[in-house]
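Colleague: My questions all concern the structure below.
The values are calculated or read from the model by the stated rules, or taken from the named source; none is laboratory data. Treat the numbers as computed from the prediction; the structure is a model and nothing was measured. So basically every Cβ, Gly included, is an ideal-geometry build from the backbone, and we count neighbours across all protein chains shown. Keep in mind that these areas ignore ligands, DNA and RNA; they rest on the heavy atoms of the full protein, side chains included. Shrake-Rupley method; radii C 1.70, N 1.55, O 1.52, S 1.80 Å.
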Amino acid sequence: MSSTMKSKVIGIDIGYIVTTIALVDIRGTILALDSFMTANYPQINSFVEQICERVVLLAEANGGFDTVRSVGVTAASANYKTGSIENAVNMPWKGEIPLALMLRDRLGLAVAVGNDAHGTALGEFSFGSAHGMENFVVISLGHGGVGSCFFSNGHPHLGCHGFAGEVGHTCVIKDGRQCTCGRKGCLEEYTSERGIIQTAREIMEESDEPSLMRSLPELTSMAIGSCCDQNDKMAWEVFRRTGYILGIGLANYASITNPEAIILTGEQTQVYKWLGPSMEESFEQHVFHNMRGKVKLVVSTLDNRERDVLGASALAWTVKEYSLFL
Ligand SMILES: [Zn+2]
């Protein structure tokens, strides 16, 4: 079989909730998509079997498995350098999971594994706001955490051990809130949705003043935002404090890396309308003076789910073609 027939790759994005699989051609067009609930497979072996079954079915229904060149996978706490998921906090599997090896042995294809932020940045680089940029930072603001990936001269900076970009676990408040990582005062404890909700609770406890937030059936960042739209003073204070801290975190990041742009992605960009003004003000206030006014702060316009699976597929092109059967 000629290797020139292998014109497609598989991109797999493993999320806390949904695992998405895409068959993608060389131009980045998604030819077919499949997905399933991650939590339905708490055992890693059955999870991997499930992925493999679906990859084969997807490929066979769309031109044949023989046309697939390689596989790219993104997941939280995955390490491009080792091909493993390492001690993921919110996943059902514990310890070190040699995912690239497990998939390669079962599928007989080359497999690249990278963390979710790496995939997101590749997606923005290949298809989105970072297209044509050499130096940029991609930040993902999620419900539970804050991740990032930094591109330097057109390549992702992975670090010596593959753990670079853990901006969510940089300390922004000395002796601050307890973080899931075991330390205190981490950025994501304040700027993920969890953190925003916690700030809202603290502000409500600080006084007896009336606030629309007090009568919300469920406290979410979007619900707090809708209170801002009704001129609720306390709701605005939630985003003022959050934006101030996020602005410091991003200014520190920019002062070290001097990026052309910081691209904000993830589900929490939906509150940017309320968070953005104070974040931008704090950023300009705290960034190194020679960079002031020069770093673009951009909100991604891509569909999060589609971008992340395309990012995973872009990862597949970074590994050498390999076959068990040649
Ligand atoms: Zn932490």
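Colleague: What relative contact order, as a whole-number percentage, does segment 48-122 give when Cα pairs under 8 Å and 6 or more residues apart are counted?
Modeller: 34 percent
Colleague: I want to make sure I understand the PRE zone here: with the label point 7 angstrom from the Cα of Thr180 toward its beta carbon, which residues in segment 66-107 have backbone N atoms less than 18 Å away?
Modeller: Of the residues in segment 66-107, 74-79, 85-97 have backbone N under 18 Å from the label point off Thr180.
Colleague: Along each principal axis of its Cα atoms, how long is segment 61-165 end to end? Whole angstroms, biggest number first, please.
Modeller: Taking max minus min along each principal axis of the Cα atoms, segment 61-165 gives 36, 34, 28 Å.
Colleague: Same structure, new question: I'd like the orientation of helix 233-257 relative to the chain: the angle between its Cα long axis and the longest Cα principal axis, in ° from 0 to 90, rounded to 10.
Modeller: 50 degrees
Colleague: For helix 116-127, report the angle its Cα long axis makes with the longest principal axis of the Cα atoms of the chain; keep it between 0 and 90° and round to the nearest 10°.
Modeller: Approximately 80 degrees, to the nearest 10.
Colleague: Then there's this: At 7 Å along the Cα-to-beta-carbon direction for both Glu202 and Leu101, put a label point, then send me their distance in nm to one decimal.
Modeller: Here the answer is 4.3 nm between the modelled labels.
Colleague: For segment 251-298, just the Cα atoms, rotate onto the principal axes and tell me the three extents in Å, largest first.
Modeller: Extents along the principal axes: 30, 17, 14 Å.
Colleague: Leaving out ligands and nucleic acids, note down the accessible area per residue over segment 1-65 with a 1.4 angstrom probe, in whole Å².
Modeller: 49 Å²
Colleague: Evaluate Rg over Rh across segment 129-301, taking Cα atoms for both radii and Kirkwood's formula for Rh.
Modeller: The Rg/Rh ratio comes out at 0.98.
Colleague: Further, regarding this structure: Kirkwood-based Rg over Rh for the chain (C-alpha set), two decimals?
Modeller: Radius of gyration relative to Kirkwood radius: 1.01.
Colleague: Which GluC sites (Glu not before Pro) in segment 143-220 pass both tests, a DSSP loop state and at most 12 other beta-carbon atoms within 10 Å?
Modeller: Answer in residue order: Glu218.
Colleague: Would you work out what percent of the accessible area of segment 129-301, with all protein chains in place, is carbon or sulfur (probe 1.4 Å)?
Modeller: Answer for segment 129-301 is 52 percent, counting heavy atoms of protein chains only.
Colleague: Please give the per residue accessible area of segment 129-301, computed with a probe of 1.4 Å over protein heavy atoms only, in Å².
Modeller: Result: 48 Å² per residue.
Colleague: Relative to the longest principal axis of the chain, what angle (0 to 90°, nearest 10) does the C-alpha long axis of helix 304-316 take?
Modeller: 40 degrees
Colleague: At a Förster radius of 45 Å, what calculated FRET efficiency corresponds to the Cβ-Cβ distance of Asn231 and Lys320, to the nearest 0.05?
Modeller: With R0 = 45 Å, the Cβ-Cβ based efficiency is 0.20.
Colleague: So for segment 129-301, averaging the separation of alpha carbon pairs under 8 Å that are six or more residues apart and normalising by length, what relative contact order in percent results?
Modeller: Relative CO of segment 129-301 lands at 24 percent.
Colleague: For Asp66, Asp175, Asp13, write out the residues from largest to smallest accessible area, computed with a 1.4 angstrom probe and no ligands counted.
Modeller: These residues rank, largest area first, as Asp175, Asp66, Asp13.
Colleague: May I pose another question? Counting other Cβ atoms within 10 Å, which GluC sites (Glu not before Pro) in segment 244-326 have at most 12 and lie in a DSSP loop?
Modeller: Answer by residue number: Glu321.
Colleague: Between Val299 and Ser152, what is the spin-label point distance in nm, taking each point 7 Å from the Cα along the Cα→C-beta axis?
Modeller: Once both label points are built, they end up 3.1 nm from each other.
Colleague: Based on the alpha carbon coordinates of segment 1-130, what radius of gyration and maximum Cα-Cα distance (Dmax) apply, in Å?
Modeller: Reported Rg and Dmax, both Å: 14.1, 42.
Colleague: Of Lys8/Lys81; Lys6/Lys94; Lys81/Lys174; Lys296/Lys320, which pairs sit farther than 30 Å apart, going by alpha carbon to alpha carbon?
Modeller: Lys6/Lys94; Lys81/Lys174; Lys296/Lys320
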